[in-house]
1. Which one of these is within 21 Å of Ile133 (Cβ to Cβ) and among the aliphatic types (A, V, I, L, M): Val198, Val210?
2. Only one of (1) buried (at least 18 other Cβ atoms within 10 Å of the Cβ); (2) of a type in the set (A, V, I, L, M, F, W, C); (3) under 18 Å from Met334 (Cβ atoms) fails for Ile117. Which number is that?
3. Looking at (1) closer than 21 Å to Val112 by Cα; (2) modelled with pLDDT of 75 or more, which one does Ala347 not meet, given that it meets all the others?
4. When you check Thr247 against the structure, is it touching an Asp or Glu at 6+ places or on another chain (Cβ under 7 Å), at pLDDT 85 or above and over 17 Å from Leu297 (Cβ atoms), yes or no?
5. Is it the case that some residue within the stretch 147-161 is within 26 Å of Trp275 (Cβ to Cβ) and aromatic (Phe, Trp, Tyr)?
6. Tally time: how many residues in the stretch 219-267 are touching a Ser or Thr at 6+ places or on another chain (Cβ under 9 Å) and surrounded by fewer than 17 Cβ atoms within 10 Å (Cβ to Cβ)?
7. I'm trying to understand the selection: among the residues of the stretch 160-183, which are more than 20 Å from Tyr242 (Cβ to Cβ) and of a type outside the set (A, V, I, L, M, F, W, C)?
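The values are calculated or read from the model by the stated rules, or taken from the named source; none is laboratory data. Keep in mind that what you see is a predicted model, and the values were worked out from it rather than measured. Because the Cβ atoms are built from the backbone with ideal geometry, glycine has one as well, and the counts that use them run over all protein chains shown.
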Amino acid sequence: MTTENNGGRRRELSSSQKFIKSVTPWVIGFWKTTFTVLITMVGLLCVTFIIGRVMPIDPVLSIVGEAASNETYQQAYRDLGLDKPIITQFFIFLWDVMHGNFGESLLTARPVSQDLIRVFPATLELASVGIIIGIVIGIPLGVIAAVNQGTWVDHIARVIALIGYSMPVFWIGMIGLMVLYGKLDWVAGPGRLDIFYVDIVPSVTGMILVDSLIAGDMTIFWNAVSHIILPAGLLAYYSLAYISRMTRSFMLEQLDQEYITTARVKGLSETSVVWRHALGNVKVPLITVIALSYAGLLEGSVLTETIFSWPGIGSYITTALLSADMNAVLGGTMVVGLVFVGLNIFADLLYKVFDPRAK
């Protein structure tokens, strides 16, 4: 039994009341998050639906062809439900998406959901390797730049970040292929594997690096590493430019705080002050930076996948758009939106782990 002060009087709380009081904030937080996610998803569905209707592409012509008769055109028009009121079309679209039905792809003649399951692991693998490299290099680079503010070390770190923001993706990608692959032969060329290694390892996760390790085939693993290192390194460069810049900014703010001065006065080593105390207090904002950067790699790797012939979701959406395959375009857009929302929710959950005040 516990007591609670109520207007100067103290009353006892039963075990059930104590439990309810402790879980109420969690329940409220859960429902707030759920409501926010639902509103976000409805907005995403609305935007996706509108994009599909305002695109200057006739989905009927994409199916029947320009040489089709008017009767054939009208029949396909009705089969697609385009003759129904726009609000009815939206609710049909909403119902189908809720059941994982994005229609069939005109290019592959398969359900779009199956195509997305097939191509998304390639993008996930590429972006994951890129963000890992970006974190491993970007955070220490930002910390070192902040500690050495105004010195040549800081200037070099800022120039590296500036180049990462300024250089066009397609230019760096083509230069990398020409030099590292064409001239020096240090890395493998476009694609995920050499042609004679394709479909040898059973697909478990869809990610070649993981599947080859599961199968214990190190030859295919290292071949996959040779193929992914250049496009993943390109994505990593852009992510580490953003991560290092934000880390430097966060660290400069923390290094000016009084608790840092107190820690130094107490005789703590500079390593402990910087890497334990100062960096420890920027973990929460860094989570947001990393989550947004990762989401950006997952949704924004279209040019990279095109240059390196990487069969991921970016390449899939681009090919579908050029072929007027709107079912595939809208399905891919929905998946990208879901990933972005999911990563933001995951970042919110991590706040409670790294920052006890968020609980």
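1. Exactly one of Val198, Val210 is within 21 Å of Ile133 (Cβ to Cβ) and among the aliphatic types (A, V, I, L, M), namely Val210.
2. (1)
3. (1)
4. no
5. yes
6. Here the count works out to 2.
7. Quick first cut of the stretch 160-183, residues more than 20 Å from Tyr242 (Cβ to Cβ) only: 174-175, 177-183.
Within the stretch 160-183, Tyr181, Gly182, Lys183 meet the criteria.
Results for (1) in the same structural domain as Trp275 (by TED's automatic domain parsing); (2) surrounded by fewer than 22 Cβ atoms within 10 Å (Cβ to Cβ); (3) without any contact (Cβ under 8 Å) to a residue 40 or more places away in the chain, shown as yes or no for each residue.
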residue: Glu104; (1), (2), (3): no, yes, no
residue: Thr123; (1), (2), (3): yes, no, no
residue: Gly130; (1), (2), (3): yes, no, no
residue: Ile133; (1), (2), (3): yes, yes, no
